[in-house]
Every structure is written in C-alpha cells, then in structure tokens.
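For reference, the structure discussed in these notes is given below.
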Amino acid sequence: MQARDRVDGTGAIRVGFTATRRLGGAVVRNRAKRRLREAARATFPGLARAGCDYVLIARGGSTSRPYLRLLDDVKSALIRLAADLGAPATTRGDASPASTPPQNPA
C-alpha cells in the first residue's frame, strides 16, 4: 500500500487498486482487486487519514489469503502509513497528550 498527502484542501479519502499481469489472468486480477476493495471498505472509515490518496497493490497472496488476515494486513498497513505521514494512529494504544496525567507546577 502507498499513500500520499494531498494539499488541495479537501478532506476526501481517495483509494485506487492495482494488480499487475504477473499476478495472473484477468479473472485472478479482478478477484484480487474485489477483495482489496472490500477490505478497504471495511477498514478505511476508521483508520484512513482525510485528505490522502491511497493505492492498494495486489500481491500473490491477495486471492488465497483468508479474508480476516487480509483485513488485518490492510489495517496494519494503514497504521504504519499513518505513522509515516505524521498522523496519530488511534488504534495503536500510544499515549496521547490528552491521556497523560496533568503535571503539577512547582
């Protein structure tokens, strides 16, 4: 998966899907893209960063991988990309400034 931050001011999340011929014939490539599309539909609303473009690239195991593992792969890739883009990853359990106890001024 790849992500790029857009600077056009819109908060829309855009997603693209690709599968090369090396993956297989048209039926195999379309099946891989359908599975990735559904995984994105299930995971992006809570994890994708607004104002970014994402490209999901189908790999060899995209068609045979169990669906729950595919969802987990997409989710972990989104969390990794959010960290790379500098956005707070809400599902990691990282301590945010709001969750740290207040400091007593001395």
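Hey, could you check the range 25-47 for residues that are surrounded by fewer than 17 Cβ atoms within 10 Å (Cβ to Cβ) and among the small types (Gly, Ala, Ser) and say which is modelled with the lowest pLDDT? Applying the filter and picking the extreme gives Gly46. Checked across the range 17-37, the condition of being touching a residue at least 40 places away in the same chain (Cβ under 8 Å) and among the aromatic types (Phe, Trp, Tyr) holds for at least one residue.
Here is a yes/no grid of residues against (1) touching a Lys or Arg at 6+ places or on another chain (Cβ under 7 Å); (2) at pLDDT below 50; (3) among the small types (Gly, Ala, Ser):
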site	(1), (2), (3)
Ser64	no, no, yes
Leu68	no, no, no
Val74	no, no, no
Ala77	no, no, yes
Arg80	no, no, no
Gly86	no, no, yes
Arg92	no, yes, no
Ala95	no, yes, yes
Ser99	no, yes, yes
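Residues that are small (Gly, Ala, Ser) and in contact (Cβ under 8 Å) with a residue 40 or more places away in the chain were ranked within the range 38-74; the one that is nearest to Ala12 (Cα to Cα) is Gly51. Among the residues that make up the range 3-10, is at least one of them in contact with a helix residue (DSSP H, G or I) (Cβ under 8 Å, 6 or more places away or on another chain), at pLDDT 90 or above and of a type in the set (A, V, I, L, M)? No, every residue in the range 3-10 fails to be in contact with a helix residue (DSSP H, G or I) (Cβ under 8 Å, 6 or more places away or on another chain), at pLDDT 90 or above and of a type in the set (A, V, I, L, M).
The values are calculated or read from the model by the stated rules, or taken from the named source; none is laboratory data. It should be emphasised that the depicted structure is a prediction, and the values quoted were computed from it without experimental measurement. Don't worry about glycine lacking a Cβ; one is built from the backbone with ideal geometry, like all the others, and counts go over all protein chains shown.
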